[in-house]
Structure formats: C-alpha cells, structure tokens
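Take a look at the structure set out below.
The values are calculated or read from the model by the stated rules, or taken from the named source; none is laboratory data. Treat the numbers as computed from the prediction; the structure is a model and nothing was measured. Neighbour counts run over all protein chains shown; Cβ positions are idealised from the backbone, glycine included. Remember, those area values only see protein heavy atoms, side chains included, never the ligands or the DNA or RNA. Shrake-Rupley method; radii C 1.70, N 1.55, O 1.52, S 1.80 Å.
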Amino acid sequence: MLANAEMQIAAAIMATTTCGLEIPSGLEGQPCLRAGRHIRCPADNPGNALRDSIQNLAGCVSCRNTSGTRREYRLRSHSVVLDPGSATADSNLIGRFAGRQLDFGEPRGLVCPSSIHRDARMHLYRTHTCGALRAADSGHAARLSGWVHAKRDHGGLLFIDLRDHYGMTQCVFPAGSPAFAAADAVRPESVITVTGQVVPREAGTVNPRLPTGEVELRAADLIVQSAAEVLPMQVAGDEKFPEDIRLKYRFIDLRREKLHRNIMLRAGVIASLRRRMMAAGFTEFQTPILTADSPEGARAFLVPARLHPGKFYALPQAPQQFKQLIMVAGFDRYFQIAPCFRDEASRADRSPGEFYQLDFEMSFATQEDVFTATEPVIGGVFEEFAEGRAVTPAPWPRIPYDTALMDYGTDKPDLRNPLKITDVTQHFAGSSFGLFARIAASGGVVRAIPAPGAASQPRSFFDKLNDWAKHEGAGERSVPR
C-alpha cells in the first residue's frame, strides 16, 4: 500500500504544472512552507520510505533541516516537508494536487487541504494579464491584478469583471468562500489581486465579445491593493459626463474604454511613423524646446528665465531653425515627431496651444523624391490602422491647386466624398429660377453640388433653398440690366 502511495504522490508532484499551493490550515507563512506544494507526513520508517521515493522519483535538488527533525526537500519546482511531529489522524489520508485525489489508506497524518493559498513561486501580483487567459488555460491556477470594472451579485455567486491595460477577465466568488466577503465589500475601480483556478464557462454564458470570454477565474484568494472611494464618474458604460468633471478627474476619465483606445491608437501611429521613416533612411533628431523667438505666423509662448530677470525663452512654433542647422551641417535625411507650441485658437484638426507633427527634410531632393519617400510612409500607416477600410494605393492622385478649388472648394479635399462641384450655368440661363438666371445673364458662373433624389422634392423645398442662399449673401451684387 505504501509503495503505491509513494508512486502516486511522486507522480502527482512531477505531473503538476499549475501554480496553486496547498498548505495545511494554520501553517501558512512558516519558513518551511513558502516554496511550493508541500506534504507533511510522519518521518518514521514508512515516512522515510515515502521521503526517499519522493526524492528519487521527483528529483530532489537539495534538502535541509528546518526545525528539529523536520526536513524540507526542495525539488526542481516544489518543496516537500517531512515532519515527524504531525501524526494527525485523518481517516482517509486524502491529499489534493491540482484536482487529483490521492488515497494513502493509513492514518499516518498526511495533511494536504485543497484550498489554494499564496504561492511564493507565483509572481507577487500576476501570472497572466487580464486579457491573456484562454480555453487552453482551463484547469490551471492563475493570479490576476487589475481594477474592479463591474460587479454582479447572482445570489450564490458574485461576479467581478477585472480589468487591466490588456483586457478583462470574469472572476467568480462562490458564496461561503474565504474571498467572498472581501469581494462583496470592494468598490468599483478598487485595485485587487485575485488568485484562483481557470475554469471553462458554462454553456450559454460564453461571451464572444471578449477574448477571455470562454473562461473565468474561480477565485480562492483576494487581496485589496488599493480601495477606491465612491467615484465622481463611472468608468464602465458609455454614460456622458460634463467636461469639467472629466478634466478634474482625468486619471479616471483615461480609464474609460474609448479614451484608452484613442491613447493607444496615437501611440501606435507614432511608433509606426517612426519605424517607417527609419526604414526609409531618415535619422531621428530632437531639437531644443527652450529657444529664442522667431518671426513666424502665430504668437509664441514665453517662459521667464529665472537666472536672467526680465528676459524670456520662447517655445518653438516649429523646429524650423534647428532643422535647417541640421541640414546645412550635412545630415542627409532628418525627421522628428516634433512638438509645436502656438498661442492661437483651436482648429477642427489641431489642439489649442500645442500639437505634434511629422517634420522631415531631405537633401538634394526633387519634388518627386519627396513624394516617393513619403507616400509609402503615410500610406502604410493608413493601411496598418484602416481596420478594413479602403486606402488609396500609391501613387496617389495629384490634383492641381486650381482644380482642387474648382471641384472641391478646398485645397485639401476628402476624396471619400464622391460629390464634385459642377458648372451648371447653361442649365439656368433663361430659366425661371430668377436668382441664378440673372447671374448667368450677367456673365457669371453658377456651380452646384449634385444632390441625388432632390428632383422629387416639391417647389417649396427649392424656394426655401433660394431664400437661404439670399440670406447667406448670394445674388446681392447688382446685376446690369
């Protein structure tokens, strides 16, 4: 019977690859119980035989006395403690190792409860990120750390959606478990560490919208790293909040999904630009931020110089002078993701005060060289982050300035819009549409944007358009008669 037990326990230790730790109740934290999975059993002749079998079969690396005649055997991935003073009667001598039931048949005092405790072999905070667990991890122990995104109490079960930078994992706390009370008391956005076993979700509860949606972490231990107060704004959900609240609690606002995604998109775009520019032979430079003012288009921000009272530094509106120094010094291809500071009002495509731009220069280059160098960079970035949207392949259409203004009304048209401004003067010449007829008769030009389906509109629709055009100033100039 003992030989069978030796083989079973040695095989269980060698076969176990999960990170769970099983420690006798009341003995957690003792020096000899901090290194891994532990077994306590008598060290008389049967115990010594068991010890020797564990040492031989599981590959003992070292062993030492820890107190009295207790001996700790440090294996390649586990520790085994043999203690002659633990002749606790356990009728079945059952130990649990990663779900395996081992029956030793004799009341020899093997004490191996099934609860999972803190394991020093685990990372202090996490073995996986909250976006890493998959169905293949089922049956393994794991430790996650993150923010409490949401809580749901289903009576006998408490669910916590645990979130970090990488994703979200559902953690389950059964009623009556040691961690249930702590999980029930924790507020949203508290930072916690949860240790437990990865289990597959029940049929019908799989969440296909989450990469981790096939599994959940059945929690056995919870540590509150940072308890949150009542929140001034919620992170979960899409509820809108006033801008002053969002800016005051910006650290909370940046945890929200959309802002987090935008920040990561910006970081990804900049990394992609940098990688592609370097691959094209450009060298990245950094130019000074504190500089002298230079006559440019916008007003500059000034910074008082403490060591030079009455004098000021200026923040650069663009790295213009510095990059010119670099180029005339003989560096062939320059670029930087340059911060630009301009004391001007905000624009639709530019933040007020400061913004960043891809700034570059080339030596001995023609206009065609510039197009050839930059089209793969800009086009490649758009393709990388297009998410299925169509991107115009290189070479890009080149539209003369005058043509752009005539066809699109701007020198930077959005070609996703298929509508072009068209000359319709001949259609209104001599028509009953008085405003445009007079313009055509005076030698003027009438240009229009096509509006498919407008022909079915009633006359009142066009009369209102006519009134709106007059209100906007169209047709106000005198028409010769």
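Among Thr392, Thr410, Thr425, which is the only one that is open to solvent by less than 60 Å² (accessible area, probe 1.4 Å) and closer than 25 Å to Thr372 by Cα?
After applying the criteria, what remains is Thr410.
Need pairs with beta-carbon distance below 7 Å; first residue over 17 Å from Leu273 (Cβ atoms) and of a type in the set (S, T, N, Q) and within segment 361-377, second at pLDDT 95 or above and open to solvent by less than 50 Å² (accessible area, probe 1.4 Å); sequence gap 6+ or separate chains.
Filtered contacts from segment 361-377: Ser363/Met327.
Tell me, yes or no, whether segment 161-168 has at least one residue that is surrounded by fewer than 16 Cβ atoms within 10 Å (Cβ to Cβ), under 22 Å from the mean Cα position of the chain (by Cα) and either in a strand (DSSP E or B) or modelled with pLDDT of 95 or more (or both).
Scanning segment 161-168, I find at least one residue that is surrounded by fewer than 16 Cβ atoms within 10 Å (Cβ to Cβ), under 22 Å from the mean Cα position of the chain (by Cα) and either in a strand (DSSP E or B) or modelled with pLDDT of 95 or more (or both), so the answer is yes.
Residue-by-condition table, conditions (1) in a helix (DSSP H, G or I); (2) hydrophobic (A, V, I, L, M, F, W, C); (3) closer than 30 Å to His140 by Cα; (4) open to solvent by less than 30 Å² (accessible area, probe 1.4 Å):
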| position | (1), (2), (3), (4) |
| --- | --- |
| Asp184 | yes, no, yes, no |
| Asn207 | no, no, yes, no |
| Glu216 | no, no, yes, yes |
| Val230 | no, yes, no, no |
| Glu239 | no, no, no, no |
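Of these, Lys464, Lys420, which one is of a type in the set (Lys, Arg), outside any loop (DSSP other than H, G, I, E, B) and open to solvent by 70 Å² or more (accessible area, probe 1.4 Å)?
Selected residue: Lys464, the only one of Lys464, Lys420 that is of a type in the set (Lys, Arg), outside any loop (DSSP other than H, G, I, E, B) and open to solvent by 70 Å² or more (accessible area, probe 1.4 Å).
The rows are residues; the columns are (1) in a loop (DSSP other than H, G, I, E, B); (2) among the β-branched types (Val, Ile, Thr); (3) closer than 30 Å to Ala365 by Cβ.
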{"site": "Ile289", "(1), (2), (3)": "yes, yes, yes"}
{"site": "Gly297", "(1), (2), (3)": "yes, no, yes"}
{"site": "Gly310", "(1), (2), (3)": "yes, no, no"}
{"site": "Ala318", "(1), (2), (3)": "yes, no, yes"}
{"site": "Phe331", "(1), (2), (3)": "yes, no, yes"}
{"site": "Gln336", "(1), (2), (3)": "no, no, yes"}
{"site": "Cys340", "(1), (2), (3)": "no, no, yes"}
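Among the residues that make up segment 382-389, is at least one of them open to solvent by 70 Å² or more (accessible area, probe 1.4 Å), closer than 22 Å to Ala267 by Cα and in contact with a Lys or Arg (Cβ under 8 Å, 6 or more places away or on another chain)?
Looking through segment 382-389, none of the residues is open to solvent by 70 Å² or more (accessible area, probe 1.4 Å), closer than 22 Å to Ala267 by Cα and in contact with a Lys or Arg (Cβ under 8 Å, 6 or more places away or on another chain).
Need pairs with beta-carbon distance below 8 Å; first residue hydroxyl-bearing (Ser, Thr, Tyr) and within segment 400-411, second in a helix (DSSP H, G or I) and surrounded by 11 or more Cβ atoms within 10 Å (Cβ to Cβ); sequence gap 6+ or separate chains.
These pairs meet every condition: Thr410/Ala404.
Assess whether Lys470 counts as being open to solvent by 60 Å² or more (accessible area, probe 1.4 Å), in contact (Cβ under 8 Å) with a residue 12 or more places away in the chain and either among the polar types (S, T, N, Q) or in a helix (DSSP H, G or I) (or both).
yes
In this structure, does Ile252 turn out to be in a helix (DSSP H, G or I), aliphatic (A, V, I, L, M) and on the phi < 0 side of the Ramachandran plot?
yes
Leu273: touching a residue at least 24 places away in the same chain (Cβ under 8 Å), of a type in the set (A, V, I, L, M, F, W, C) and more than 29 Å from Pro397 (Cβ to Cβ), yes or no?
no
Just to be sure I understand the filter: pairs with C-beta atoms under 9 Å, separated by 6 or more residues or on different chains, first member in segment 412-434 and farther than 30 Å from Trp396 by Cα, second member aliphatic (A, V, I, L, M) and open to solvent by 70 Å² or more (accessible area, probe 1.4 Å). Which pairs pass?
Final answer for the pair search is Thr425/Val445; Ala429/Ala441; Gly430/Ala441.
Where the second residue is open to solvent by 80 Å² or more (accessible area, probe 1.4 Å) and not in a loop (DSSP other than H, G, I, E, B) and the first is more than 19 Å from Asp161 (Cβ to Cβ) and lies in segment 228-240, which pairs have Cβ atoms under 9 Å and are six or more apart or on separate chains?
Pro232/Lys248
Go through segment 124-137 and give me each residue that's open to solvent by less than 40 Å² (accessible area, probe 1.4 Å) and among the polar types (S, T, N, Q).
Within segment 124-137, just Thr129 meets the criteria.
Which one of Gly444, Gly430, Gly379 is under 26 Å from Leu265 (Cβ atoms) and either over 41 Å from the mean Cα position of the chain (by Cα) or outside any loop (DSSP other than H, G, I, E, B) (or both)?
Gly379
Which of (1) at pLDDT 95 or above; (2) in a loop (DSSP other than H, G, I, E, B) does Gly268 not meet, given it meets every other one?
(2)
Taking the condition of being over 23 Å from Cys340 (Cβ atoms), surrounded by 13 or more Cβ atoms within 10 Å (Cβ to Cβ) and over 25 Å from the mean Cα position of the chain (by Cα), how many residues in segment 243-299 meet it?
Result for segment 243-299: 0.
Can you name the residue in segment 348-376 that is at pLDDT below 95 and part of a loop (DSSP other than H, G, I, E, B) and, of all such residues, is surrounded by the fewest Cβ atoms within 10 Å (Cβ to Cβ)?
Among those that are at pLDDT below 95 and part of a loop (DSSP other than H, G, I, E, B), it is Ala348.
Identify the single condition in (1) in contact (Cβ under 8 Å) with a residue 40 or more places away in the chain; (2) closer than 24 Å to Pro232 by Cβ; (3) in a strand (DSSP E or B) that Glu189 does not satisfy, given that it satisfies every other one.
Of everything listed in (1) in contact (Cβ under 8 Å) with a residue 40 or more places away in the chain; (2) closer than 24 Å to Pro232 by Cβ; (3) in a strand (DSSP E or B), Glu189 misses just condition (3).
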